[in-house]
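Below is one structure, written out as structure tokens; the observations come after it.
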């Protein structure tokens, strides 16, 4: 199994280490906090190698460690949470950055049982095995027994030469009816799967309503928007064909709109 490589993280991020079927998160802080794994948060929402902490703590190693007898504090990675509206950084971000919004809808019609289609989509950990455009899925948090609250980290690759990575937290689960989640990362917004059936055909409707967060995407949006749509449609087209193949079923049709 692969290991997630430690790297410098930006505001609010944690890093994930994958060992076998276990995924561990490390959260770090410089003062009034803990040193966990090889990284510590030293200033201004950045993480740096642990040996810098000694100097940043004034040469006092004790200031960078939890008190004796105390266990290091570990915060749950909430994911997809925004800073308070009153936070200065949030106000500055709102004033200086422009995000481009996209709304895409795809409908798959597959001659397969509704339960089989639901089971395949409800289990994102298996997507990379049958959906070529999904390069990687890491389970960060398991959530409740029905999946609500679960957090997964996705890496997607379409036809165009770039990847999109984001976290998706499940916010709504109605078995065989609706599966919905909130995304944050390279894109931010919501994704919603809706399921229904007509005779022997299962109808899957996916709505993807997001805004791009990467600077180059927003900069190129006026010209590249049609290409981003084409790339998204390719990913969903490939997904519908792959799902039909997985279930050994006939793909009746696929519709794209925006």
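The values are calculated or read from the model by the stated rules, or taken from the named source; none is laboratory data. Predicted model only: the values in this text are computed from it and were never measured. Cβ atoms come from the backbone with ideal geometry, glycine included; neighbour counts cover every protein chain shown.
Before we move on, is residue 108 in contact with a strand residue (DSSP E or B) (Cβ under 9 Å, 6 or more places away or on another chain), within 30 Å of residue 216 (Cβ to Cβ) and at pLDDT 95 or above? When the stated conditions are applied, residue 108 does not pass them. Mind listing whichever residues of the stretch 189-212 are closer than 21 Å to residue 99 by Cα and surrounded by 18 or more Cβ atoms within 10 Å (Cβ to Cβ)? Of everything in the stretch 189-212, those that are closer than 21 Å to residue 99 by Cα and surrounded by 18 or more Cβ atoms within 10 Å (Cβ to Cβ) turn out to be 189, 191, 208, 210, 212. Taking the conditions (1) surrounded by fewer than 17 Cβ atoms within 10 Å (Cβ to Cβ); (2) out of contact with any helix residue (DSSP H, G or I) (no Cβ under 8 Å at 6 or more places or on another chain); (3) not in a loop (DSSP other than H, G, I, E, B) in turn, residue 221 satisfies each one other than (2).
Here is a yes/no grid of residues against (1) closer than 30 Å to residue 141 by Cβ; (2) in contact with a helix residue (DSSP H, G or I) (Cβ under 7 Å, 6 or more places away or on another chain); (3) not assigned by TED's automatic domain parsing to the domain that holds residue 166:
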| residue | (1), (2), (3) |
| --- | --- |
| 185 | yes, no, no |
| 200 | no, no, no |
| 203 | no, no, no |
| 211 | yes, no, no |
| 227 | no, no, no |
| 233 | no, no, no |
| 236 | yes, no, no |
| 243 | yes, yes, no |
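I'd like to know if the stretch 139-148 contains one or more residues that are in contact with a helix residue (DSSP H, G or I) (Cβ under 7 Å, 6 or more places away or on another chain), in the same structural domain as residue 238 (by TED's automatic domain parsing), in a strand (DSSP E or B) and under 30 Å from residue 248 (Cα atoms). Spell out how you get there, then give the answer.
Going residue by residue through the stretch 139-148, those that are in contact with a helix residue (DSSP H, G or I) (Cβ under 7 Å, 6 or more places away or on another chain) are 139.
Still in the running and in the same structural domain as residue 238 (by TED's automatic domain parsing): 139.
Narrowing further to those that are in a strand (DSSP E or B): 139.
If we keep only those that are under 30 Å from residue 248 (Cα atoms) too, we end up with 139.
Scanning the stretch 139-148 turns up at least one residue that is in contact with a helix residue (DSSP H, G or I) (Cβ under 7 Å, 6 or more places away or on another chain), in the same structural domain as residue 238 (by TED's automatic domain parsing), in a strand (DSSP E or B) and under 30 Å from residue 248 (Cα atoms).
Does the stretch 232-239 contain any residue that is assigned to a helix (DSSP H, G or I), at pLDDT below 95 and surrounded by 17 or more Cβ atoms within 10 Å (Cβ to Cβ)?
Step one: filter the stretch 232-239 for residues assigned to a helix (DSSP H, G or I), giving 232-239.
From what is left, the residues that are at pLDDT below 95 are none.
No, that holds for no residue.
Please find, among 135, 182, 207, the residue that is within 26 Å of residue 224 (Cβ to Cβ), part of a strand (DSSP E or B) and without any contact (Cβ under 8 Å) to a residue 60 or more places away in the chain. Please lay out each step first, then the result.
Numbers: 182 fails: without any contact (Cβ under 8 Å) to a residue 60 or more places away in the chain; 207 fails: without any contact (Cβ under 8 Å) to a residue 60 or more places away in the chain.
Of the residues listed, the single one that is within 26 Å of residue 224 (Cβ to Cβ), part of a strand (DSSP E or B) and without any contact (Cβ under 8 Å) to a residue 60 or more places away in the chain is 135.
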